[in-house]
Amino acid sequence: MRKYMLAALCCIMSLFILTGCKSSVPENTVFSVDDLSGKKIGVQLGTTGDTLVSDYEEDGSGTVVERYNKGNDAILALKQGKIDAVVIDVQPAQSFVKTNSELMILNEEFVTEDYAMCISKNKPELKASINEALNVIKANGTLDKIIDNYIGENAGKTPYISPDGVKRNGTLVMATNAYFKPYEYYDNGKIVGIDADMAQAVADYLGMNLKIEDMEFDSIITAVQSGKADFGAAGMTVTAERLKNIDFSDTYTTSKQVVIVRDNDAIKNSGNVVEKFKNDFLTDNRYQFVLTGLKNTVLIAFCAALMGIVIGFVVAVIRSTHDKTGTLKIGNFICNLYLTIIRGTPTMVQLLIIYYVIFGSVSINKILVAILAFGINSGAYVAEIFRSGIMSIDNGQFEAASSLGLSYKKTFIYVILPQAFKNVLPALANEFIVLLKETSISGYIGLTDLTRGGDIIRSITYDAMLPLLVVALVYLVMVVILSALVKKLERRLRSNER
Amino acid sequence: MSDNNSNDNIILKVEGLKKVFGDHVVLENINTTVKKGEVIAIIGPSGCGKSTFLRSLNLLEKPTEGHIYFHGTDITDKNVNINKLREKIGMVFQHFNLFPNMTVKKNIMLAPVQLKLMSEEEANKKALELLERVGLSDKADTYPNMLSGGQKQRVAIARAMAMNPDVMLFDEPTSALDPEMVGEVLGIIKELAESGMTMLIVTHEMGFAKEVANRCMFFADTKIMEENTPKELFENPQTPRLQDFLSKVL
């Protein structure tokens, strides 16, 4: 086992070195909006930029549009030379360029647009209240101050502070995608930005608490529709397409779509691995993202595994009892239905269905949702593992026990299960390893698991290599420890018989 | 009919037993009675249904038609508690079927203790007694896969005996054994027979059948073709089927 661990470490180390030595990115070839045709263009999935650039895709010149979940990922791809340009809103573009000296914004702007908050069509009263609040903070200059605090020469000088003595009653939940500086982004683990402050000002005016939920940009409208969030504020432009599904508040600011490209003059090697490591993990205690993620991943995987064992055990006993004795027809039917559905659909879709559909309008802890989703999913696989273990026991064991007058239940408990459990242990361990790694999709419901923790760091530092490799290493170590424990248990069970 | 059933001397009574697997008829219209103290050897060509017959007697095979009475109770009746009846019908299998997850002693103690027929202590005592009887006192705490085939079968006999059964069913108890181990198992069975245990033995050991049994059944073509004392059956076969069979096996 140690040998394999060493080999795996070597692989990761060589990856480090390989990335360090890789050749420089290609030169910029986009100098105006007209040059975009025929190039690889990056956008954030579901944004106005996405809609606008999609027209290029059909112009026959071979334009490719790469759609990223986050603006940060598009910027990263641009830096690495995977794409030629990124079309994005002007303010985030400015902050991206500020932190990435090798990028620049083309002078020519792409298009102008209005930002507004999206609100469910079923909540006209909420829309009216928000519009009233918006009018007030526009009229008294609060909104201008908030915007000036993030954009322009006086940035940072006029932070928004909630007035004292506000009586708060109830909570407004805001859906956003916190990778859109300066509208919303993580700062010291907290979501801040123009939208966040504006929403706070609105909540203060309405006398409510504000809770900000971070999720993928294209999930925001779904979240607002299903009632997971009361409104969405994420630099969202009002479009005809969106109006079909959702209502919008009054406009609170206008923005432009611009094109970011690589600056040929400024491209240079950026920092060594040690610098990068410091920046990725030590600055602002960013390692906390990994730690929080690790804690959640372990919690989810552990509880889901327990739940999976319980479900799997019950299902396996019902199914094999049916197979052996022909009883429990209804139970067997239900179990088969469960197995077919769970094994026939992707885990990620199940997770999203449980979060957005089943618990759509209920406020529920995301970790609990993840435990439920992964537990129910794992149960199906564990059930089949247990069942194969039970069916692998020679029928003579049942017959011998029956001939002694032992009931089916007693036969199961004292004769069949102890043997079956030992037989299935390796397969069971494998299922738990798969489960542990599968929890990495928890990020899709906006839960900070280990993978998502690394993602957040990547979105802040624009370094893909170290966060991903560290996350991979942590998973690897967990799996190695788990395998070692199982091996020990297996040996102990076997020594009983020798 | 019911007079016969209530007779204390009759342990098993089989009436019109029929067994069908799919559309293959294995047994048809089997009628017989087993009295207390009888040792019955069942012989016949392979596939003649002799094992199926034996396994029907404790309902490991469900008869398609017919009735089987154990001490006058119809065990084919749906409302009968078959587990309770099986406690008194011991069975020994061709492949031993010991529980590999328990020691030899625990194999013997499991049923008496779990069925609350004996306390842990009593069962322990009984197990050691039986192990001594089958000559395996030193193996009490070993696991079955450390034993030879002959030893396993002797443990299996002890396990069945632990329930103090009224009748013992042996399903080809020596067929899976190496030749040099057949003797030790047959010795135990013979000793058991001499102690007055009622038993039915499906076997291919003709010499043993002749020596131990006081009745012999020859199964062929879905029925009991011939039934007689071993001496008569082996020395004076009536049907060509039996004559043919004996000429091949003797």
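Failed condition for residue A:171, given (1) under 30 Å from residue A:207 (Cα atoms); (2) buried (at least 18 other Cβ atoms within 10 Å of the Cβ); (3) in contact with a Lys or Arg (Cβ under 8 Å, 6 or more places away or on another chain), with all others met?
Among (1) under 30 Å from residue A:207 (Cα atoms); (2) buried (at least 18 other Cβ atoms within 10 Å of the Cβ); (3) in contact with a Lys or Arg (Cβ under 8 Å, 6 or more places away or on another chain), residue A:171 violates only (2).
If we keep just the residues of the stretch B:138-152 that are in a loop (DSSP other than H, G, I, E, B) and more than 19 Å from residue B:177 (Cβ to Cβ), which is nearest to the other protein chains (Cβ to nearest Cβ)? Even if it seems obvious, please write down each step before you answer.
Filtering the stretch B:138-152 down to residues in a loop (DSSP other than H, G, I, E, B) leaves B:140-143, B:147-148.
Cutting the leftovers down to more than 19 Å from residue B:177 (Cβ to Cβ) gives us B:140-141, B:143.
Numbers: B:140: 16, B:141: 12, B:143: 5 Å.
Only one residue tops the list, namely B:143.
State the number of residues belonging to the stretch A:207-220 that are modelled with pLDDT under 90 and part of a helix (DSSP H, G or I).
3
Can you spot a residue in the stretch A:374-381 that is away from chain B (no Cβ under 14 Å), in contact with an Asp or Glu (Cβ under 6 Å, 6 or more places away or on another chain) and within 14 Å of residue A:309 (Cα to Cα)? Even if it seems obvious, please write down each step before you answer.
Pass one, the stretch A:374-381, residues away from chain B (no Cβ under 14 Å): A:374-381.
Then keep just the ones that are in contact with an Asp or Glu (Cβ under 6 Å, 6 or more places away or on another chain); that gives A:381.
Add one more test, that the residue is within 14 Å of residue A:309 (Cα to Cα), and what stays is A:381.
Yes; the residues of the stretch A:374-381 include at least one that is away from chain B (no Cβ under 14 Å), in contact with an Asp or Glu (Cβ under 6 Å, 6 or more places away or on another chain) and within 14 Å of residue A:309 (Cα to Cα).
Which residues, taken from the stretch B:28-53, are over 25 Å from residue B:250 (Cβ atoms) and not charged (D, E, K, R)? Quick ask: steps written out before the conclusion?
Filtering the stretch B:28-53 down to residues over 25 Å from residue B:250 (Cβ atoms) leaves B:28-31, B:33-37.
Matches in the stretch B:28-53: B:29, B:30, B:31, B:33, B:34, B:37.
What number of residues within the stretch A:336-366 satisfy the criterion of being closer than 27 Å to residue A:316 by Cβ and in contact (Cβ under 8 Å) with a residue 24 or more places away in the chain?
From the stretch A:336-366, those closer than 27 Å to residue A:316 by Cβ are A:336-351, A:353-354, A:358; that's our starting set.
Still in the list and also in contact (Cβ under 8 Å) with a residue 24 or more places away in the chain: A:338-339, A:342-343, A:347-348, A:350-351.
Count: 8.
Kindly provide the set of residues from the stretch A:202-225 that are among the hydroxyl-bearing types (Ser, Thr, Tyr) and either open to solvent by less than 30 Å² (accessible area, probe 1.4 Å) or under 18 Å from the mean Cα position of the chain (by Cα) (or both), ordered by number. I'd like the intermediate steps shown before the answer.
Our first condition is that a residue be among the hydroxyl-bearing types (Ser, Thr, Tyr); within the stretch A:202-225, this holds for A:205, A:219, A:222.
Passing the criteria: A:219, A:222.
For the stretch A:458-498, which positions are under 30 Å from residue B:98 (Cβ atoms) and of a type in the set (Val, Ile, Thr)?
Scanning the stretch A:458-498 gives a single hit, A:486.
Taking the stated definitions as given, is residue B:235 without any contact (Cβ under 8 Å) to a residue 12 or more places away in the chain, under 23 Å from residue B:33 (Cβ atoms) and either open to solvent by 20 Å² or more (accessible area, probe 1.4 Å) or under 13 Å from the mean Cα position of the chain (by Cα) (or both)?
Working: without any contact (Cβ under 8 Å) to a residue 12 or more places away in the chain: yes; under 23 Å from residue B:33 (Cβ atoms): no; either open to solvent by 20 Å² or more (accessible area, probe 1.4 Å) or under 13 Å from the mean Cα position of the chain (by Cα) (or both): yes.
It is false that residue B:235 is without any contact (Cβ under 8 Å) to a residue 12 or more places away in the chain, under 23 Å from residue B:33 (Cβ atoms) and either open to solvent by 20 Å² or more (accessible area, probe 1.4 Å) or under 13 Å from the mean Cα position of the chain (by Cα) (or both).
Within the stretch A:215-262, track down each residue that is within 20 Å of residue A:362 (Cα to Cα) and in contact with an Asp or Glu (Cβ under 8 Å, 6 or more places away or on another chain).
Across the stretch A:215-262, the qualifying residues are A:223, A:224, A:228, A:229.
Residue A:89 versus (1) touching a Phe, Trp or Tyr at 6+ places or on another chain (Cβ under 8 Å); (2) of a type outside the set (Gly, Ala, Ser); (3) open to solvent by 10 Å² or more (accessible area, probe 1.4 Å): which is the lone unmet condition?
(3)
Could you grab me the full set of residues in the stretch B:85-101 that are open to solvent by 20 Å² or more (accessible area, probe 1.4 Å), more than 7 Å from chain A (Cβ to nearest Cβ) and either within 14 Å of residue A:414 (Cβ to Cβ) or not aliphatic (A, V, I, L, M) (or both)? Step through it out loud before you land on a result.
Here is the first cut: in the stretch B:85-101, the ones open to solvent by 20 Å² or more (accessible area, probe 1.4 Å) are B:85-86, B:88, B:94-96, B:100-101.
Narrowing further to those that are more than 7 Å from chain A (Cβ to nearest Cβ): B:85, B:88, B:94, B:96.
Across the stretch B:85-101, the qualifying residues are B:88, B:94, B:96.
Could you please let me know if residue A:263 is open to solvent by 20 Å² or more (accessible area, probe 1.4 Å), closer than 26 Å to residue A:77 by Cβ, among the charged types (D, E, K, R) and touching a strand residue (DSSP E or B) at 6+ places or on another chain (Cβ under 7 Å)? Explain how you work it out, then say what you get.
Values: open to solvent by 20 Å² or more (accessible area, probe 1.4 Å): yes; closer than 26 Å to residue A:77 by Cβ: yes; among the charged types (D, E, K, R): yes; touching a strand residue (DSSP E or B) at 6+ places or on another chain (Cβ under 7 Å): yes.
Criteria met by residue A:263.
Scan A:261, A:173 and give me the residue that is among the aliphatic types (A, V, I, L, M), under 30 Å from residue A:29 (Cβ atoms) and at pLDDT 85 or above. Talk me through it step by step, then tell me what you get.
Details: A:173 fails: under 30 Å from residue A:29 (Cβ atoms).
So the residue among A:261, A:173 that is among the aliphatic types (A, V, I, L, M), under 30 Å from residue A:29 (Cβ atoms) and at pLDDT 85 or above is A:261.
For the stretch B:154-163, state whether one or more residues are under 29 Å from residue B:71 (Cα atoms), among the β-branched types (Val, Ile, Thr) and in a helix (DSSP H, G or I).
Start the filter on the stretch B:154-163 by keeping residues that are under 29 Å from residue B:71 (Cα atoms), which leaves B:154-163.
Within this subset, residues satisfying the condition of being among the β-branched types (Val, Ile, Thr) are B:155, B:157.
The next check asks that each one be in a helix (DSSP H, G or I); those that pass are B:155, B:157.
Yes, the stretch B:154-163 contains at least one residue that is under 29 Å from residue B:71 (Cα atoms), among the β-branched types (Val, Ile, Thr) and in a helix (DSSP H, G or I).
Examine the stretch B:180-198 for a residue that is within 14 Å of chain A (Cβ to nearest Cβ) and not in a loop (DSSP other than H, G, I, E, B), and state whether such a residue exists. Walk me through it before giving the result.
If we filter the stretch B:180-198 for residues that are within 14 Å of chain A (Cβ to nearest Cβ), which is where we start, we get none.
Scanning the stretch B:180-198, I find no residue that is within 14 Å of chain A (Cβ to nearest Cβ) and not in a loop (DSSP other than H, G, I, E, B), so the answer is no.
Can you tell me how many residues within the stretch A:402-416 are in a helix (DSSP H, G or I) and either crowded, with 22+ Cβ neighbours inside 10 Å or not charged (D, E, K, R) (or both)? Lay out the reasoning, then the answer.
Kept after step one, since they are in a helix (DSSP H, G or I), are these residues of the stretch A:402-416: A:402-403, A:408-416.
Narrowing the set further to residues that are either crowded, with 22+ Cβ neighbours inside 10 Å or not charged (D, E, K, R) (or both) leaves A:402-403, A:408, A:411-416.
Residues in the stretch A:402-416 being in a helix (DSSP H, G or I) and either crowded, with 22+ Cβ neighbours inside 10 Å or not charged (D, E, K, R) (or both): 9 in total.
Within the stretch A:149-165, how many residues turn out to be over 27 Å from residue A:365 (Cβ atoms) and either touching a residue at least 40 places away in the same chain (Cβ under 8 Å) or buried (at least 18 other Cβ atoms within 10 Å of the Cβ) (or both)? First the steps, then the outcome.
Just the residues of the stretch A:149-165 that are over 27 Å from residue A:365 (Cβ atoms), to begin with: A:149-161, A:163-165.
Restricting the remaining residues to those that are either touching a residue at least 40 places away in the same chain (Cβ under 8 Å) or buried (at least 18 other Cβ atoms within 10 Å of the Cβ) (or both) gives A:149-151, A:160, A:163.
Qualifying residue count for the region: 5.
Say we look at the stretch B:102-137 and pick out the residues that are open to solvent by 40 Å² or more (accessible area, probe 1.4 Å) and assigned to a loop (DSSP other than H, G, I, E, B); which of these is nearest to the other protein chains (Cβ to nearest Cβ)?
The qualifying residue nearest to the other protein chains (Cβ to nearest Cβ) is B:117.
Within the stretch A:53-161, considering only strands (runs of 3 or more DSSP E) that don't extend past its boundaries, which have at least 3 residues that are under 30 Å from the mean Cα position of the chain (by Cα) and within 18 Å of residue A:200 (Cα to Cα)?
Values: elements: A:64-68, A:85-89, A:103-105, A:111-119.
Correct list: A:111-119.
Which residues, taken from the stretch A:382-392, are open to solvent by less than 40 Å² (accessible area, probe 1.4 Å) and under 15 Å from residue A:325 (Cα atoms)?
A:390
Which of the residues belonging to the stretch B:22-76 are among the aliphatic types (A, V, I, L, M) and within 14 Å of chain A (Cβ to nearest Cβ)? Break it down stepwise before answering.
The initial filter retains those residues of the stretch B:22-76 that are among the aliphatic types (A, V, I, L, M), namely B:25-27, B:30, B:34, B:39-43, B:54, B:57, B:59-60, B:68, B:75.
Within the stretch B:22-76, B:54, B:57, B:59, B:60, B:75 meet the criteria.
The values are calculated or read from the model by the stated rules, or taken from the named source; none is laboratory data. All of these numbers come straight from a predicted model, not from anything done at the bench. Neighbour counts are summed over all protein chains in view; Cβ atoms, including those assigned to glycine, are modelled from backbone coordinates with ideal geometry. For the accessible areas, the whole protein counts, side chains as well, though only heavy atoms, and no ligand, DNA or RNA atoms are used. Shrake-Rupley method; radii C 1.70, N 1.55, O 1.52, S 1.80 Å.
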